[in-house]
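The values are calculated or read from the model by the stated rules, or taken from the named source; none is laboratory data. Predicted model, so just to flag it, every value in this text is computed and none were measured. FYI the Cβ positions are ideal-geometry reconstructions off the backbone, even for glycines, and counts take in every protein chain you see.
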Amino acid sequence: MNSSDAANWHKSTRSGSNVGDCVEVADNLPGRVLVRDSKDRTRGTLTFGPTAWSALVTQVSTHC
């Protein structure tokens, strides 16, 4: 089993209401946050450390 198998995915609150604009996040795994495109889940997953993820969310939130 890989880490994305145990992930508890949820749609990002910043994703649009349009089905085509969805980012899913899994933040239930120790030491990492996984991110994927819900339109094509087979294309891969980005992995962030919690500090990097928090910094990214802060930057995006202040610029959107």
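Can you name the residue in segment 18-62 that is among the basic types (Lys, Arg) and part of a loop (DSSP other than H, G, I, E, B) and is also modelled with the highest pLDDT among such residues? First the steps, then the outcome.
Within segment 18-62, the first condition is being among the basic types (Lys, Arg), and the residues that meet it are 32, 36, 39, 41, 43.
Right, trim to part of a loop (DSSP other than H, G, I, E, B) and you get 32, 39.
On the way: ARG32: 97, LYS39: 84.
Only one residue fits best here, namely ARG32.
Any idea which of (1) assigned to a helix (DSSP H, G or I); (2) among the hydrophobic types (A, V, I, L, M, F, W, C); (3) modelled with pLDDT under 90 is the one MET1 doesn't satisfy?
Only one criterion is unmet by MET1, namely (1).
Taking interchain pairs and intrachain pairs at least six residues apart, which have beta carbon atoms under 8 angstrom, with the first residue in segment 6-17 and in a loop (DSSP other than H, G, I, E, B) and the second modelled with pLDDT under 70 and not acidic (Asp, Glu)?
ARG14/CYS64
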